[in-house]
Amino acid sequence: MVTCKETRAAIIVLHKNGFTGKDIVATKIAPKSTIYRFIKNFKERGSILVKKASGLPRKSSKRQDRLLKRIQLRDRSATSAELAQEWQQAGVSASASTVRPRLLEDGLVSRRAAKKPLLSKKNIRDRLIFCRKYSEWTAEDWGKVIFSDEAPFRLFGASGKRLVRRRKGERYHQSCVMPTVKHPDTIHVWGCFSSKGVGSLTILPKNTAMNKEWYQNTLQQQLLPTIQQHVGEEQCIFQHDGAPCHKAKVITKWLGDQNVEILGPWPGNSPDLNPIENLWSILKRRVDKQKPTNSDTLQEVIMKEWVAISQDLAQKLIEIMPSRIAEVLKKKCQHCKC
């Protein structure tokens, strides 16, 4: 137990004034064992200072620690054992158990790597152009945009991660297991939303190719009602990514005929710029909690949870767009946590 210096001093003052150990314990100034230990140490050393433990000598110098850090930064996926082996080649007699605390001292902790789309030089350049173009937009400006995307939903919680709290020996308890199947039924949906709330959501029929004909029909049946509901007669700005069916000339012409302005051009491999990705994550977690067991139930749950998403949540996702753009620019158009 760590006791502050003032408490130690008070114990010794009482001891010097003739109080017995039993008398000092009665004051409840500290636990009994602590009081007797301090009195004993004071008698032996004549000081209230806690003697610092010597411990084992450090196996590496500061220079060798800096070398270890450089080795790790060259290969972020190298294991402690691999680092120890390379460190030993540099003359440091240390094991993996020594490597780990050294890296922790520099703030290098082991974590699961984030999965993000590969960004080519073209992707980065396009992201830069896009972010600069809209860097001055306010939350009010972004509130005029209708964002859209397609997303897959799978049975048995495969859509997202699930954490459970369990006791020792309960790893395979039925309530702690996430069931999986080799080929889970997958449902693809198309949806859109804006600061006014969620818009239309449609479930794609199985074995339907996402071609320009299907996409134009979806925009006709799903997007136009959302525009009317969220924007009315005002100019609408519509976001979609660069999928082939989205970029088809017939789609661009159709949107122009409907007086719909297209946001962009949208940079490839940039889900971190689209707030609907956050909406999909929230929706998938909510759907997984319902534990649907077949495709029909899964469809019902998806639609039910979609309409349950509040306007307040949708608005918050839109309002962070200025900071999202600023963060991507700050990261030099690399991936960011959005």
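Scan the stretch 132-149 residue by residue and report those that are in a helix (DSSP H, G or I) and farther than 26 Å from Val198 by Cβ.
Arg132, Lys133, listed by residue number.
Please give the helices (runs of 4 or more DSSP H) falling wholly within the stretch 215-309 in which 2 or more residues are within 27 Å of the chain's Cα centre (by Cα) and under 28 Å from Glu327 (Cβ atoms). Spell out how you get there, then give the answer.
Numbers: elements: 224-230, 244-247, 249-257, 276-290, 295-307.
Per the criteria, 276-290.
State which residue pairs qualify: first residue closer than 18 Å to Asp288 by Cβ and inside the stretch 169-180, second residue open to solvent by 80 Å² or more (accessible area, probe 1.4 Å) in any location, beta carbons under 6 Å apart, and separation of 6 or more residues or different chains.
Cys176/Arg166; Met178/Arg162
Would you pick out the residues in the stretch 115-134 that are closer than 16 Å to Asp241 by Cβ, modelled with pLDDT of 95 or more and either of a type in the set (Gly, Ala, Ser) or in contact with a helix residue (DSSP H, G or I) (Cβ under 9 Å, 6 or more places away or on another chain) (or both)?
Arg127, Phe130, Cys131, Tyr134
Conditions tested, residue by residue: (1) of a type in the set (A, V, I, L, M, F, W, C); (2) closer than 24 Å to Gly268 by Cβ; (3) surrounded by fewer than 17 Cβ atoms within 10 Å (Cβ to Cβ).
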{"residue": "Ser194", "(1), (2), (3)": "no, yes, no"}
{"residue": "Met210", "(1), (2), (3)": "yes, yes, yes"}
{"residue": "Thr218", "(1), (2), (3)": "no, yes, no"}
{"residue": "Thr226", "(1), (2), (3)": "no, no, no"}
{"residue": "Val231", "(1), (2), (3)": "yes, no, no"}
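The values are calculated or read from the model by the stated rules, or taken from the named source; none is laboratory data. Owing to the predicted nature of the structure, the values given are computational and were not obtained by experimental measurement. For neighbour counting, all protein chains shown are included, and Cβ atoms are generated from backbone atoms with ideal geometry for every residue, glycine included. Areas reflect the complete protein model, heavy atoms only, side chains present, ligands, DNA and RNA absent. Shrake-Rupley method; radii C 1.70, N 1.55, O 1.52, S 1.80 Å.
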